[in-house]
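Engineer: Right, I'll just put the structure down here and ask away after.
FYI, it's all coordinate maths here, none of it is from the lab. Small disclaimer: the values here were computed from a predicted structure and weren't measured.
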Amino acid sequence: MRRVLCSRVTSPKGCSPDTAGLIVRVRNGLPTIAAGVFACLVTNVVATALTYKLEAGEKACFYAETNKENEKIAFYFAVQSGGSFDIDYRVEGPDSKIILEGEKERQGDFVFSAQKTGEYSFCFDNEMSTFTEKMIDIEISSEHEARTAQLPSKQGTSPEQTSVLEESIFKISGQLSTISRNQKYFRTRENRNFSTVNSTEKRIVNFSVIQICLIVCMGALQVLVVRFFFQGARKGYV
């Protein structure tokens, strides 16, 4: 059964440290005071997905903490804008063992089992870019294989009816997850196609400007050549 997760930015003093399940933290990008205030406000907010702007030459890491072994961790990312829509990424376990790694990837969707409890890191590296910043959609979630929750049975309801209702709920949950994935996929495709259209438009404008400049230069050159011929003919008559 899929679990509802909580996210936070930091865990300063004065904020409740209790977060159920996965804890996503951003360790860079916000001032200390702002991060503390924000953490106090969002400690109990349900959120597992975010959009992060990775500056040129920046390396950002996000962390997920698991409390039980063999939890399934789903990791999704997609570069929405910037450069060639590619990024380097690395996923490491609590023992610093590399679980997933890739270079110049546009997007990824992975599911793996957490063999050990502890903190898992999800790092993105934009050191390949000197000037270009990139917008990345990130989603980290945790899921148990066992169905621990049971629906309460009403009086006069048979266990078979309750089981059928549970199966329907789980099917709806799976279909909603599929719809969410498809929406993210189409959003990524839309952003990339829009970037391609903008790039093509700029090339057409630049090519048109170059053509106009060449036509003007050719016209001026033709005028100079004609004047040169006429001036030469007049000198011959003299």
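Engineer: What aspartates and glutamates could a cross-link reach from Lys134, if we take a straight Cα to Cα line under 14 Å and drop same-chain neighbours fewer than 8 places away?
Structural biologist: Glu55, Glu58, Asp86, Asp88, Glu105, Asp125
Engineer: Between Val205 and Met135, what length comes free when the chain is fully extended (0.36 nm per residue of separation minus the Cα-Cα distance, one decimal in nm)?
Structural biologist: This chain segment gains 22.6 nm when fully extended.
Engineer: Same structure again: Could you calculate the contour length gain from Asn182 to Val111, that is, 0.36 nm times the residue separation minus the distance between their Cα atoms, to one decimal place in nm?
Structural biologist: Residue separation times 0.36 nm, minus the Cα-Cα distance, leaves 23.9 nm.
Engineer: Suppose the chain between Ser195 and Ile98 were pulled fully straight at 0.36 nm per residue; how much longer would it get relative to their current alpha carbon spacing?
Structural biologist: 31.6 nm
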